[in-house]
Amino acid sequence: MSGATLTTGTHVREACRAGLLTGQTSGLAPGFAQANLVVLPADWAQDFLLFCQRNPKPCPLLDVTEPGQVAPTRAAPTGDLRTDLPRYRVWKHGELVSEPTDILAFWQDDFVSFVIGCSFTFEAALLRSGVPVRHIELGRNVPMYQTNIPCAPAGRFHGPLVVSMRPMKPADAIRAVQVTSRYPSVHGAPVHLGMPDQLGIADLARPDFGESVPFHDGELPVFWACGVTPQAAIMAARPPLVITHSPGCMFVTDLRDEELAVG
């Protein structure tokens, strides 16, 4: 499906619901906030809520549903979290067991859904500021890496910080810090610039999630906290059943980027 026709959150969600969009969403519906998703039984929800509160950089909450509610009231009141993402991940006891395009067959009445800010949201602001975004240029998913930085544990949840990476020239990196600092609810400013070995990343050409992107002369890697972090925590905590988005396949909301900006 052509990205040119998917200009709003509603368009993207309808394409997902119809089975017409099953791939990554970076660059789609510019100006509308994109989000990570975590869905888990109510008896695990309090621990996960506390995990998000203690780790706001990788887990900035945009919305939390009531048990069994399929539409996130603030983020997309006409949406359906069971069908409106391109692809999901189903986890059982910390193991990935399926990547379906809808979760109707897995849905439970006690599910609580967490809609978490995504760095794809601020990419439109970067582009408007003249900062190129390599994975969008190439039509790829953003590269993501598991780091050696531990998140603050909460209840049964713990695990390492996951980061997304964008190659930039130093001047663009400075501008990116200025631009993304205005968006704390979608990860905000970078957490690290250059020197990937300090994050425990041995090879930028081999991301743990997403796809690799090339570097040009004079560029350095710029790292942001990433909403795939909860998936690492899920693998560590091993709940009996959890559903997340597939990395790069986000829930596109009705929230406008500028609604989430500060300053």
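The values are calculated or read from the model by the stated rules, or taken from the named source; none is laboratory data. Please read these numbers as outputs of a predicted model, since none were measured by experiment. Here Cβ is always computed from backbone atoms with ideal geometry, including for glycine, and neighbour counts include all displayed protein chains.
Quick rundown of the values:
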quantity	calculated
Number of the condition not met by T244 [criteria: (1) β-branched (V, I, T); (2) surrounded by fewer than 20 Cβ atoms within 10 Å (Cβ to Cβ); (3) in the same structural domain as F51 (by TED's automatic domain parsing)]	(2)
Given (1) out of contact with any strand residue (DSSP E or B) (no Cβ under 6 Å at 6 or more places or on another chain); (2) under 27 Å from Q146 (Cα atoms); (3) crowded, with 20+ Cβ neighbours inside 10 Å, index of the condition Q46 fails	(3)
Residue pairs meeting the criteria (Cβ under 7 Å; at least 6 apart or on separate chains; first under 22 Å from I136 (Cα atoms), in segment 224-250; second part of a helix (DSSP H, G or I) and of a type outside the set (V, I, T))	M250/F120
Any chance G155 is closer than 29 Å to H11 by Cβ and either surrounded by 16 or more Cβ atoms within 10 Å (Cβ to Cβ) or not assigned by TED's automatic domain parsing to the domain that holds Q46 (or both)	no
Residue within segment 202-212 that is farther than 28 Å from L21 by Cα, in contact (Cβ under 8 Å) with a residue 12 or more places away in the chain, in contact with a strand residue (DSSP E or B) (Cβ under 9 Å, 6 or more places away or on another chain) and not polar (S, T, N, Q) present	yes
Some residue of segment 125-142 being of a type in the set (S, T, Y), outside any strand (DSSP E or B), on the phi < 0 side of the Ramachandran plot and without any contact (Cβ under 8 Å) to a residue 60 or more places away in the chain	yes
Members of segment 71-101 that are of a type in the set (V, I, T) and either at pLDDT below 95 or surrounded by fewer than 16 Cβ atoms within 10 Å (Cβ to Cβ) (or both)	T73, T78, V97
Single residue of segment 10-34 satisfying the filter (at pLDDT 95 or above and in contact with a strand residue (DSSP E or B) (Cβ under 8 Å, 6 or more places away or on another chain)) that is farthest from G210 (Cα to Cα)	T10
In segment 12-42, the residues that are basic (K, R) and under 20 Å from S119 (Cβ atoms)	R13
W224, sole failed condition from (1) touching a Gly at 6+ places or on another chain (Cβ under 7 Å); (2) surrounded by 21 or more Cβ atoms within 10 Å (Cβ to Cβ)	(1)
In segment 193-248, the residues that are farther than 30 Å from V64 by Cβ and among the hydroxyl-bearing types (S, T, Y)	S212
Leading residue by the ranking (farthest from T25 (Cα to Cα)) among those in segment 129-182 that are among the small types (G, A, S) and out of contact with any strand residue (DSSP E or B) (no Cβ under 8 Å at 6 or more places or on another chain)	G155
